[in-house]
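The values are calculated or read from the model by the stated rules, or taken from the named source; none is laboratory data. Small disclaimer: the values here were computed from a predicted structure and weren't measured. Cβ placement follows ideal geometry from the backbone for every residue including glycine, while neighbour counts extend to all protein chains displayed.
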Amino acid sequence: MLSLDADERVTKELAEEMQKAAGSASLDGYWIRRDNYFLGKLMRGAGWQRDYQMRLFRKSRARVTDRLVHEGFEIDGRAGRLSSPMRHFTCASLSAAFQKLNEYSSLEAIEYAGSRKSSGGAVILHALSAFLRSYVSRKGCRDGMHGLVLSLLNTATTTLLYMKIWEIQRNEKMQSPDRR
């Protein structure tokens, strides 16, 4: 089975490689690298350059991960990697990027509110860390203005995530029956 998102495309080379892999009985799943495009530019940094996704697998050996955002597939069995990438055309505009940022940060906040603590210091430190990780460590600076914008969006996502975690936790405390 092949699982693709609406913004992903299979290249001719990948299609040929998948046909060969499907005929082999040795593996139960295959990781496929995504070439990620942001605002129309192929990204080479910011953590988007080594993005492998489990997308080709035997349906009987796969299960969907239990995540609200960035769900994927886990394989019960052996998996390998295909060499040809798929193309991922995410965020054609800043407006689309901000909409996705708000939606994803809300879902992640719900997912993490029970396991992560948030405070003013946490918001600041996680935001700063997100920018440095994306722009410096993961070399978003390689992609010029696109890398800077993407790194700032990653920072904004992290900032909103921890602010929303704080809001959820604050609301739970306010509704707690033992609140005095």
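Of the residues making up the stretch 104-116, just one is outside any helix (DSSP H, G or I) and buried (at least 17 other Cβ atoms within 10 Å of the Cβ), namely Ala113.
The set of residues from the stretch 117-137 being surrounded by 13 or more Cβ atoms within 10 Å (Cβ to Cβ) and in contact with a Phe, Trp or Tyr (Cβ under 8 Å, 6 or more places away or on another chain) comprises Ser118, Ala122, Val123, His126, Ala127.
Taken together, the residues in the stretch 59-102 that are assigned to a loop (DSSP other than H, G, I, E, B), touching a strand residue (DSSP E or B) at 6+ places or on another chain (Cβ under 9 Å) and charged (D, E, K, R) amount to 3.
If you go through the stretch 1-47 and keep only what is within 29 Å of Ser95 (Cβ to Cβ), surrounded by fewer than 17 Cβ atoms within 10 Å (Cβ to Cβ) and hydroxyl-bearing (Ser, Thr, Tyr), you end up with Ser3, Thr11.
Taking the criterion of being among the aliphatic types (A, V, I, L, M), in a helix (DSSP H, G or I) and either free of Cβ contacts under 8 Å to residues at least 40 places away in the same chain or under 24 Å from Leu152 (Cα atoms) (or both), the residues of the stretch 15-57 that qualify are Ala15, Ala22. The lone criterion from (1) of a type in the set (A, V, I, L, M, F, W, C); (2) in a helix (DSSP H, G or I); (3) over 15 Å from the mean Cα position of the chain (by Cα) left unmet by Leu150 is number (3). For the stretch 66-118, the tally of residues that are in contact (Cβ under 8 Å) with a residue 60 or more places away in the chain and either of a type in the set (Lys, Arg) or in contact with a Ser or Thr (Cβ under 8 Å, 6 or more places away or on another chain) (or both) stands at 5. For the stretch 72-99, how many residues meet the condition of being at pLDDT below 95, within 29 Å of Met145 (Cα to Cα) and of a type in the set (D, E, K, R)? Adding up the residues that qualify gives 0.
Does the stretch 143-153 contain any residue that is among the charged types (D, E, K, R) and either surrounded by fewer than 19 Cβ atoms within 10 Å (Cβ to Cβ) or over 22 Å from Glu8 (Cα atoms) (or both)? Before you say what the answer is, go through the steps one by one.
Here is the first cut: in the stretch 143-153, the ones among the charged types (D, E, K, R) are 143.
From the residues that got through so far, the ones that are either surrounded by fewer than 19 Cβ atoms within 10 Å (Cβ to Cβ) or over 22 Å from Glu8 (Cα atoms) (or both) too are none.
No, the stretch 143-153 has no match at all.
Screening Thr158 on (1) closer than 20 Å to Leu68 by Cα; (2) surrounded by fewer than 17 Cβ atoms within 10 Å (Cβ to Cβ); (3) touching a helix residue (DSSP H, G or I) at 6+ places or on another chain (Cβ under 8 Å); (4) not hydrophobic (A, V, I, L, M, F, W, C) shows it passes everything except condition (2).
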